[in-house]
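**Student:** Sharing a structure here in structure tokens format.
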Amino acid sequence: MNRRKFLGNTAKQIALLNIAGLTSASAFAGTGNDAASADDKKMIYRTLGKTGIKLPVVSMGVMNANNPALLKAAWDKGIRHFDTAWYYQNGNNEKMVGAVLKDLKVDRKDVTVSTKIGLFGPPLSNGKERKALFLKRFDESLSRLQMEYVDILYFHDTQKVENITDPYIVEAFSDLKDRKQIRFAGFSTHVDWVPIVEQAVKDNFYDVILLSFNYSMFQDKRVFDTIKLAFDAGIGLVAMKTQCQQQWYKNDLPANVQKFYKENMMNTALLKWALKNEHITTAIPGFTTFDQLDEDMVVAYDIEFNNDEEKFLEDNGVKLAIQSVCRHCGQCAGSCPDKVDIPSLMRTHMYALVYGNPLMARQTLDGISDERSLEICKECNTCSSKCVNRVPIASRINDLKEIYC
């Protein structure tokens with residue numbers, strides 16, 4: 001579909017993209033929150049595994065942010081770790097991070113900067129070409145950030161064990177360490193990451209792992225066991241996608257429950273739940289407003305649940321509804337008889353309708369091969385793809401069809 005047709009779906013697109021999970025203006029309006037204010041407590045710090053880096057438990061995932069003033073406010077409020085990536089906002093995200101830190105005249109040793117390099121595009125079978133592309137993109141990241149080094153470099157969006165054991169990527173990380181252009185090597189993963197993390201523990205090469213961790217995993221013992229395994233091995237663990245946004249909540253819970261459990265309280269409850277795991281050093285919530293920043297920073301000082309948060313997390317309706325959060329486990333991959341790339345479409349839906357990030361959605365959609373693309377779904381009205389949990393695949397594909405087809 002051409003750009004004109006995409007932009008022509010304006011009414012539906014705007015309506016859907018506004019489901020971005022924005023929180024209310026006040027951090028505690030209507031919640032009966034009895035947590036002490038930041039003035040009464042000290043910010044909670046933890047050490048990032050064997051790196052020795054000490055960080056507040058709340059950091060900033062910059063992916064969806066495009067306001068330099070928000071980064072400056074985050075710094076002023078005590079955030080000391082900023083996470084970006086080579087392809088966020090076509091490179092402008094890294095440029096913003098670098099420019100803000102330079103404008104603030106931050107002493108480089110006082111801030112932790114992480115970025116991520118992915119080998120997106122046609123697969124490269126030649127290992128030397130993979131390494132060369134990885135290093136080229138990293139050089140671009142350093143230039144955009146206006147820095148001589150980054151603290152943590154992640155191999156972005158690893159989806160299988162073979163990604164992190166690739167000898168050419170391992171060699172690239174080692175070269176960058178030798179050049180003192182990175183301090184620590186890591187990888188990020190959104191999928192069912194248990195076997196990938198277990199392999200990282202065996203190999204003892206990676207220093208940090210950025211992984212999805214949220215309340216939808218509350219009954220997955222494998223997840224908790226693997227997190228502890230990595231922690232015990234000295235690997236620093238950073239949590240992402242901790243708050244799951246609001247779509248599952250708004251779509252799958254009755255109105256009377258939505259009225260009682262205000263969205264702002266829900267976000268603090270979910271962030272606290274992730275950080276109550278002592279093996280997680282810090283989380284990188286992707287706040288995009290000053291109100292969301294204020295809300296998340298309350299958690300940086302106090303991770304104990306208040307009464308309303310406990311009731312929310314213990315509610316059986318909440319526990320059932322949150323199973324509609326896609327965990328990107330990939331088990332739906334073979335459920336389509338037409339072999340459509342269902343996992344990538346679910347991720348496109350996440351970027352477009354949950355994060356409100358149409359650029360990332362478009363990039364993800366464009367990365368799907370033609371024979372497995374959304375176009376195959378265009379004339380299909382009987383989607384038979386199934387999720388092992390409760391993700392409404394057919395409904396989400398229909399949303400994408402209304403936006404992109």
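The values are calculated or read from the model by the stated rules, or taken from the named source; none is laboratory data. Nothing here was measured: the structure is a model prediction, and the numbers come from that model. Every residue, glycine among them, receives a Cβ derived from its backbone with ideal geometry; neighbour counts consider all protein chains shown.
**Student:** Hey, among Glu304, Glu379, which residue is part of a loop (DSSP other than H, G, I, E, B) and assigned by TED's automatic domain parsing to the domain that holds Asn251?
**Tutor:** Glu304
**Student:** Could you tell me which residue of segment 83-104 is modelled with the lowest pLDDT, considering only residues that are crowded, with 17+ Cβ neighbours inside 10 Å and polar (S, T, N, Q)?
**Tutor:** Gln89
Okay, residues lined up against (1) part of a loop (DSSP other than H, G, I, E, B); (2) of a type in the set (Gly, Ala, Ser); (3) touching a strand residue (DSSP E or B) at 6+ places or on another chain (Cβ under 7 Å):
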position	(1), (2), (3)
Leu210	no, no, yes
Phe224	no, no, no
Gln243	yes, no, no
Lys272	no, no, no
Ile280	yes, no, yes
Gln292	no, no, no
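**Student:** What number of residues within segment 100-124 satisfy the criterion of being of a type in the set (A, V, I, L, M) and within 23 Å of Asp294 (Cα to Cα)? Talk me through it step by step, then tell me what you get.
**Tutor:** Keep residues of segment 100-124 that are of a type in the set (A, V, I, L, M), which gives 100-101, 104, 106, 111, 113, 117, 119, 124.
The next check asks that each one be within 23 Å of Asp294 (Cα to Cα); those that pass are 100-101, 104, 106, 111, 113.
Within segment 100-124, residues that are of a type in the set (A, V, I, L, M) and within 23 Å of Asp294 (Cα to Cα) number 6.
**Student:** Suppose we filter Gly330, Gly317, Gly334 for residues that are surrounded by fewer than 18 Cβ atoms within 10 Å (Cβ to Cβ), assigned to a loop (DSSP other than H, G, I, E, B) and in contact (Cβ under 8 Å) with a residue 24 or more places away in the chain; which single one remains?
**Tutor:** Numbers: Gly317 fails: assigned to a loop (DSSP other than H, G, I, E, B); Gly334 fails: in contact (Cβ under 8 Å) with a residue 24 or more places away in the chain.
That would be Gly330, the only listed residue that is surrounded by fewer than 18 Cβ atoms within 10 Å (Cβ to Cβ), assigned to a loop (DSSP other than H, G, I, E, B) and in contact (Cβ under 8 Å) with a residue 24 or more places away in the chain.
**Student:** Any idea which of Leu400, Leu359, Leu374, Leu365 is of a type outside the set (Gly, Ala, Ser) and surrounded by fewer than 16 Cβ atoms within 10 Å (Cβ to Cβ)? Full working, then the answer.
**Tutor:** Numbers: Leu400 fails: surrounded by fewer than 16 Cβ atoms within 10 Å (Cβ to Cβ); Leu374 fails: surrounded by fewer than 16 Cβ atoms within 10 Å (Cβ to Cβ); Leu365 fails: surrounded by fewer than 16 Cβ atoms within 10 Å (Cβ to Cβ).
Step by step, each of Leu400, Leu359, Leu374, Leu365 is checked, and only Leu359 is of a type outside the set (Gly, Ala, Ser) and surrounded by fewer than 16 Cβ atoms within 10 Å (Cβ to Cβ).
Residue-by-condition table, conditions (1) among the aromatic types (Phe, Trp, Tyr); (2) in contact (Cβ under 8 Å) with a residue 24 or more places away in the chain; (3) surrounded by fewer than 15 Cβ atoms within 10 Å (Cβ to Cβ):
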site	(1), (2), (3)
Phe187	yes, yes, no
Gln199	no, yes, no
Asn214	no, yes, no
Lys221	no, no, yes
Lys241	no, yes, no
Lys250	no, yes, yes
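**Student:** Might you let me know whether segment 132-146 holds any residue that is under 20 Å from Trp75 (Cα atoms) and either without any contact (Cβ under 8 Å) to a residue 40 or more places away in the chain or loosely packed, with under 14 Cβ neighbours inside 10 Å (or both)?
**Tutor:** yes
**Student:** Can Ala274 be described as closer than 19 Å to Val354 by Cβ, assigned by TED's automatic domain parsing to the domain that holds Pro68 and at pLDDT 90 or above?
**Tutor:** Yes.
Conditions tested, residue by residue: (1) small (Gly, Ala, Ser); (2) touching a residue at least 12 places away in the same chain (Cβ under 8 Å); (3) surrounded by fewer than 16 Cβ atoms within 10 Å (Cβ to Cβ).
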{"position": "Val57", "(1), (2), (3)": "no, yes, no"}
{"position": "Val62", "(1), (2), (3)": "no, yes, no"}
{"position": "Ala74", "(1), (2), (3)": "yes, yes, no"}
{"position": "Val106", "(1), (2), (3)": "no, yes, yes"}
{"position": "Ile117", "(1), (2), (3)": "no, yes, no"}
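**Student:** Is segment 366-387 home to any residue that is among the polar types (S, T, N, Q) and at pLDDT below 85?
**Tutor:** Filtering segment 366-387 down to residues among the polar types (S, T, N, Q) leaves 369, 373, 381-382, 384-385.
This time we only want the ones that are at pLDDT below 85, so: none.
Checked against the condition, which is being among the polar types (S, T, N, Q) and at pLDDT below 85, segment 366-387 yields no hits at all.
**Student:** Moving on to the next point. Restricting the search to segment 174-198, which residues are part of a helix (DSSP H, G or I), closer than 19 Å to Lys116 by Cβ and under 22 Å from the mean Cα position of the chain (by Cα)?
**Tutor:** Of everything in segment 174-198, those that are part of a helix (DSSP H, G or I), closer than 19 Å to Lys116 by Cβ and under 22 Å from the mean Cα position of the chain (by Cα) turn out to be Ile196, Val197.
**Student:** On the basis of being in a loop (DSSP other than H, G, I, E, B) and under 27 Å from Lys41 (Cα atoms), does Val106 make the cut?
**Tutor:** Against the criterion (in a loop (DSSP other than H, G, I, E, B) and under 27 Å from Lys41 (Cα atoms)), Val106 qualifies.
**Student:** Looking at Asp207, Asp225, Asp220, which is the one that is of a type in the set (D, E, K, R) and within 21 Å of Phe134 (Cα to Cα)?
**Tutor:** From the options Asp207, Asp225, Asp220, the qualifying one is Asp207.
**Student:** Let me ask something additional. In this structure, does Gly98 turn out to be in a loop (DSSP other than H, G, I, E, B) and either within 24 Å of Lys276 (Cα to Cα) or in the same structural domain as Asp178 (by TED's automatic domain parsing) (or both)?
**Tutor:** Details: in a loop (DSSP other than H, G, I, E, B): no; either within 24 Å of Lys276 (Cα to Cα) or in the same structural domain as Asp178 (by TED's automatic domain parsing) (or both): yes.
In short, no.
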